[in-house]
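The values are calculated or read from the model by the stated rules, or taken from the named source; none is laboratory data. None of the values given here were measured: they were computed from a predicted structure. Cβ: placed from backbone, ideal geometry, glycine included. Neighbour counts: every protein chain shown. Surface accessibility is based on the protein's heavy atoms, side chains included, excluding ligands, DNA and RNA. Shrake-Rupley method; radii C 1.70, N 1.55, O 1.52, S 1.80 Å.
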Amino acid sequence: MKRGAIIAAAFLVAGASIAHSSERGRQRVHDTAITGSGFPAKLSDYGFFTGGAKLVPVSGVTPYRLNTPLWSDGATKLRFLYLPKGTQAKAQGDGLLDLPAGAALIKTFAFPEKGRLRLIETRVLMHRADGWLALPYKWNDDQTEATLALAGARIALTTPQGVSISYAIPNKNQCKECHALSGAVTPIGPKARNLSDAWLRAQHAAGRLNAVPAVAHRIPLWEDRANVPLADAARGYLDINCAHCHNPRGAASNSGLDLRWEQDNPVKYGIGKRPTAAGRGSGGLSFDIAPGDPDRSILLYRMESLEGGIAMPELGKASPDREGDLTVRAWIASLR
């Protein structure tokens, strides 16, 4: 299934919420599942959805999408934001929305199978009084329930690109590896610059966001990458796929590589930058990004690899992202 078709399928699912407004009104989220101290055993314990695999969100649960999403073996991702009644998200410029205690981000991973989307896992990132907590849930074969998978899981499946993989649901501790900022678990995706202006304005109009964030330079839609500046497409991809670790406060800060969208120093985002270590990961190459020469760039060498100790990102990748790799390759080739 092509990416556009996958996105369309995702929105068909998310759009089901509109047609089930009566169900939305009848059921509410169980706030204590989010704010309590325990680990809910089932996804249904939260009350985010009705309709099993249809994922019909109840009142307070809002679907959203990212302009450029993190790639995970070609999975379709269905994203939802929950805000407790009477609360608001706060705009923080073009950066991450400030979500109140009691809020949750819910992300379901699905793959096409026999003409439909098969739900594989749902990750719940909840904001408790003492900080954010991430928990993974694995869907059953009947697609009626997802249960807590603290130890993670492996599932054999075929990606939309036709690659047979052993898909990894991360364990609870692995969730922290991508979500750690200065050691604390933090959301990654819902930055204003990676959300549509229309969605942000709708949230403000509905009273769920205190202001419409000022975004001077928005990350483009991934499916529009052929129609936007190549640098925007490539750097948007690197921001969402790599910058959660490669930033001054991230888990890979010791690399000295800062791949955030807002970083405007070319050396800091890798151009002409020498690596901080010369191990297997460097491939014997001299620069993170060698302008005009993608085959001599460590960044692309690691992106295109599937070998343990070399492949980047380290988690959530069992097959190559050819579209992402080609975009970054073309951008590096264009640099002078």
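Just for the stretch 49-63: of the residues that are assigned to a loop (DSSP other than H, G, I, E, B) and in contact with a Ser or Thr (Cβ under 8 Å, 6 or more places away or on another chain), which one is surrounded by the most Cβ atoms within 10 Å (Cβ to Cβ)? Among those that are assigned to a loop (DSSP other than H, G, I, E, B) and in contact with a Ser or Thr (Cβ under 8 Å, 6 or more places away or on another chain), it is L55.
Of all residues in the stretch 167-183, those satisfying the criterion of being out of contact with any Gly (no Cβ under 6 Å at 6 or more places or on another chain) and either of a type outside the set (K, R) or in a loop (DSSP other than H, G, I, E, B) (or both) are Y167, A168, N173, Q174, C175, E177, C178, H179, A180, L181, S182, G183. When restricted to residues that are part of a strand (DSSP E or B) and either farther than 30 Å from S164 by Cα or in contact with a His (Cβ under 7 Å, 6 or more places away or on another chain) (or both), the stretch 74-89 contains 3.
Could you go through the stretch 135-153 and let me know if any residue there is open to solvent by 10 Å² or more (accessible area, probe 1.4 Å), within 27 Å of P213 (Cβ to Cβ) and either at pLDDT 95 or above or out of contact with any Lys or Arg (no Cβ under 6 Å at 6 or more places or on another chain) (or both). No: zero hits.
Find the residue count for the stretch 154-179, including only residues that are among the small types (G, A, S) and either touching a Cys at 6+ places or on another chain (Cβ under 8 Å) or buried (at least 17 other Cβ atoms within 10 Å of the Cβ) (or both).
Initially, the stretch 154-179 is screened for residues among the small types (G, A, S), giving 156, 162, 164, 166, 168.
Retained after the next criterion (residues that are either touching a Cys at 6+ places or on another chain (Cβ under 8 Å) or buried (at least 17 other Cβ atoms within 10 Å of the Cβ) (or both)): 168.
Going through the stretch 154-179 one residue at a time, the tally reaches 1.
Taken together, T147, T87, T158, T76 contain a single residue that is of a type in the set (S, T, N, Q) and closer than 17 Å to T62 by Cα, which is T87. Looking across the stretch 102-128, just one residue is surrounded by fewer than 22 Cβ atoms within 10 Å (Cβ to Cβ), in contact with a helix residue (DSSP H, G or I) (Cβ under 7 Å, 6 or more places away or on another chain) and either among the polar types (S, T, N, Q) or not in a strand (DSSP E or B) (or both), and that is G102.
Among the hydrophobic types (A, V, I, L, M, F, W, C), modelled with pLDDT of 95 or more and in a loop (DSSP other than H, G, I, E, B): which single residue out of L66, L70 fits that description? Write out each step before concluding.
Numbers: L70 fails: modelled with pLDDT of 95 or more.
One residue alone meets the criteria, L66.
Do we have any residue at all in the stretch 40-48 that's part of a strand (DSSP E or B), modelled with pLDDT of 95 or more and under 26 Å from G316 (Cα atoms)? Looking through the stretch 40-48, at least one residue is part of a strand (DSSP E or B), modelled with pLDDT of 95 or more and under 26 Å from G316 (Cα atoms).
Give I240, I310, I271 a once-over and let me know the one that is within 14 Å of I332 (Cα to Cα) and of a type in the set (V, I, T).
So the residue among I240, I310, I271 that is within 14 Å of I332 (Cα to Cα) and of a type in the set (V, I, T) is I271.
Take the conditions (1) closer than 25 Å to L200 by Cβ; (2) over 19 Å from the mean Cα position of the chain (by Cα); (3) surrounded by fewer than 18 Cβ atoms within 10 Å (Cβ to Cβ); (4) at pLDDT 95 or above; D98 misses just one of them, which is (2). Restricting attention to the stretch 295-336, the residues that are outside any helix (DSSP H, G or I), open to solvent by less than 60 Å² (accessible area, probe 1.4 Å) and charged (D, E, K, R) total 2.
Apart from one condition, G236 fits all of (1) of a type outside the set (S, T, N, Q); (2) open to solvent by 40 Å² or more (accessible area, probe 1.4 Å); (3) not in a loop (DSSP other than H, G, I, E, B); the exception is (2). Of A214, A251, A226, all but one fail to be in contact with a strand residue (DSSP E or B) (Cβ under 6 Å, 6 or more places away or on another chain), open to solvent by 40 Å² or more (accessible area, probe 1.4 Å) and of a type in the set (A, V, I, L, M, F, W, C); the exception is A251.
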